[in-house]
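Report on one structure; see the data block that follows.
The values are calculated or read from the model by the stated rules, or taken from the named source; none is laboratory data. These figures come from a predicted structure and were not determined experimentally. Neighbour counts run over all protein chains shown; Cβ positions are idealised from the backbone, glycine included. Note: accessible area is taken over every heavy atom of the protein model, side chains too, but ligands, DNA and RNA are not part of it. Shrake-Rupley method; radii C 1.70, N 1.55, O 1.52, S 1.80 Å.
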Amino acid sequence: MALHFELVTPERLVRSESVHMVTVPGTEGDFAVLEGHAPFMSTIRDGILSVYTNASGQPETIAIRGGFAEVNAQGLTVLAEHIG
Amino acid sequence: MASLKALKIRIGSVKSTQKITKAMKMVAAAKLRRAQDAAQNGRPYAERLERVMASLATRAGGPGASPLLAGTGKDQVHLLVVATSERGLAGAFNSNIVRAARRKAEELSAQGKTVRFYIAGKKGRVLKRFFPTAILADRDMSAMKVASFDDAKAIADDLIARFTAGEFDVAHLFFSKFQSALAQVPTGIQIIPVPLAEQAALKDVAPAAAAVTEYEPDEESILADLLPRNIAVQIFRALLENAASEQGSRMTAMDNATRNAGDMIKRLSIQYNRARQAAITTELVEIISGAEAL
């Protein structure tokens with residue numbers, strides 16, 4: 001089982017996939033989310049979101065602006081106002 | 001009876017009108033599909049945001065909450081944000097929205113409230129005729145081809161700034177909800193302060209396991225961050241729904257126009273053929289009677 005990760009902007013659902021780990025630029029510091037993370041909610045600052053599709057590979061980076069992240073039993077959801 | 005030539009010109013002119021309405025219908029149909037997709041794509045964000053807002057608002061929405069949620073404590077000045085399109089020839093689309101806003105305005109004035117208007121879209125400017133002194137702002141949307149979140153955010157920021165400055169107590173948003181190409185429903189919703197009843201209903205649907213959720217920073221700060229965003233999202237959705245409704249409405253209107261033009265051409269052709277036949281008959285009678293006289 002991997003982490004279910006969703007990246008959503010007001011315009012569209014950008015990503016909805018299973019990944020290994022995601023690092024999120026939270027307002028009070030970056031945090032990484034793996035599967036089975038405790039329920040958590042944080043606003044995010046403008047920065048780089050790193051998506052690790054597997055444990056060894058290089059991360060894929062997505063620049064995001066404005067929004068917040070929510071972790072629940074279903075996985076991680078990042079709502080961003082802008083990407084790229 | 002009109003002369004043959006006049007009839008022919010008339011038929012020609014109706015035919016070219018029909019060509020235009022037909023083209024407009026096709027363009028509207030193509031744009032409608034795109035607008036519908038855009039509205040669909042915007043749904044996940046709005047749904048997730050609403051769910052989070054609902055669980056946060058019930059936890060952090062106590063006294064001392066942001067005025068965007070709790071209101072200013074007054075209920076005197078109402079702002080009606082009227083979102084219309086930039087172009088006409090879309091059936092009753094614009095007038096329906098304007099009518100819904102006017103009805104609400106009259107209802108509020110009857111209760112002794114002060115009503116102000118915030119116009120977004122050129123076709124809402126007819127309101128100036130009815131309420132010349134109540135227009136708070138008239139936003140030019142002509143540069144906007146496709147509704148983007150930035151446009152919605154700009155409106156939301158403007159509204160929030162005016163709200164904070166105390167220019168109004170309650171804001172309603174008027175737009176047309178898209179149901180199908182044939183049905184668009186003019187709708188008015190309250191956007192400021194964020195209505196709580198709706199959220200309470202939402203909470204029943206999604207009783208999030210919020211009790212164990214950790215917040216960073218605290219709930220209040222997240223809520224304060226999300227409230228303006230929620231308003232922008234509401235406006236963005238309204239703009240998207242409006243875009244889809246406009247195209248749907250235009251498609252229907254232009255389809256009707258094309259059909260009417262077809263009927264008219266049919267009628268005029270019959271008239272033209274009759275007149276032509278009558279002219280031939282008269283000519284024949286003249287020749288025959290001329291020959292008989294010899």
The strands (runs of 3 or more DSSP E) lying wholly within the range B:61-151 that contain at least 2 residues that are at pLDDT 85 or above are B:77-83, B:114-120
Those residues of the range A:44-80 which are of a type outside the set (D, E, K, R), more than 8 Å from chain B (Cβ to nearest Cβ), outside any strand (DSSP E or B) and surrounded by fewer than 15 Cβ atoms within 10 Å (Cβ to Cβ) amount to A:N54, A:A55, A:S56, A:G57, A:Q58, A:Q74
In the set B:A152, B:A143, the lone residue that is assigned by TED's automatic domain parsing to the domain that holds B:F174, buried (at least 20 other Cβ atoms within 10 Å of the Cβ), out of contact with any Gly (no Cβ under 9 Å at 6 or more places or on another chain) and of a type outside the set (K, R) is B:A152
Within the range B:28-43, residues surrounded by 14 or more Cβ atoms within 10 Å (Cβ to Cβ) and over 15 Å from B:A238 (Cα atoms) come out as B:A28, B:A29, B:K31, B:L32
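Residues checked against (1) at negative phi; (2) touching a residue at least 12 places away in the same chain (Cβ under 8 Å); (3) open to solvent by 70 Å² or more (accessible area, probe 1.4 Å); (4) not basic (K, R):
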position: B:E216; (1), (2), (3), (4): yes, no, no, yes
position: B:R259; (1), (2), (3), (4): yes, no, yes, no
position: B:G262; (1), (2), (3), (4): yes, yes, no, yes
position: B:S269; (1), (2), (3), (4): yes, yes, no, yes
position: B:A275; (1), (2), (3), (4): yes, yes, no, yes
Selection over the range B:214-248 where residues are facing chain A (nearest Cβ under 10 Å), in contact with a strand residue (DSSP E or B) (Cβ under 8 Å, 6 or more places away or on another chain) and not acidic (D, E) yields a count of 6
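For the range A:1-14, which residues satisfy the criterion of being within 11 Å of chain B (Cβ to nearest Cβ) and open to solvent by 50 Å² or more (accessible area, probe 1.4 Å)? Talk me through it step by step, then tell me what you get.
First, pick out the residues of the range A:1-14 that are within 11 Å of chain B (Cβ to nearest Cβ): A:6-14.
A:E11, A:R12, A:L13 - these are the residues of the range A:1-14 that are within 11 Å of chain B (Cβ to nearest Cβ) and open to solvent by 50 Å² or more (accessible area, probe 1.4 Å).
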Checked against (1) closer than 24 Å to B:P186 by Cβ; (2) of a type outside the set (D, E); (3) outside the structural domain of B:L127 (by TED's automatic domain parsing), B:V77 satisfies every condition except (3)
Expected output for the range A:26-43 (first residue at the interface with another protein chain (Cβ under 7 Å from one of its Cβ atoms), partner of a type in the set (S, T, N, Q) and open to solvent by less than 20 Å² (accessible area, probe 1.4 Å), Cβ below 9 Å, 6+ apart or cross-chain) is A:G26/A:S42; A:G26/A:T43; A:T27/A:S42; A:T27/A:T43; A:E28/A:S42; A:E28/A:T43
Reported set for the range A:23-42 where residues are among the hydrophobic types (A, V, I, L, M, F, W, C) and more than 10 Å from A:E70 (Cα to Cα) is A:V24, A:F31, A:A32, A:V33, A:L34, A:A38
When B:H172 is run through (1) free of Cβ contacts under 8 Å to residues at least 24 places away in the same chain; (2) under 23 Å from B:S66 (Cα atoms), the failure sits at (1)
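Take the conditions open to solvent by less than 70 Å² (accessible area, probe 1.4 Å) and either away from chain A (no Cβ under 14 Å) or within 22 Å of the chain's Cα centre (by Cα) (or both) and apply them to B:L49. Does it pass?
Here the answer is no, as B:L49 does not meet what is asked.
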Within the bounds of the range A:23-34, is there any residue that is open to solvent by less than 10 Å² (accessible area, probe 1.4 Å), under 25 Å from B:E50 (Cβ atoms) and small (G, A, S)? yes
(1) without any contact (Cβ under 8 Å) to a residue 60 or more places away in the chain; (2) open to solvent by 20 Å² or more (accessible area, probe 1.4 Å) all hold for A:I83 apart from (1)
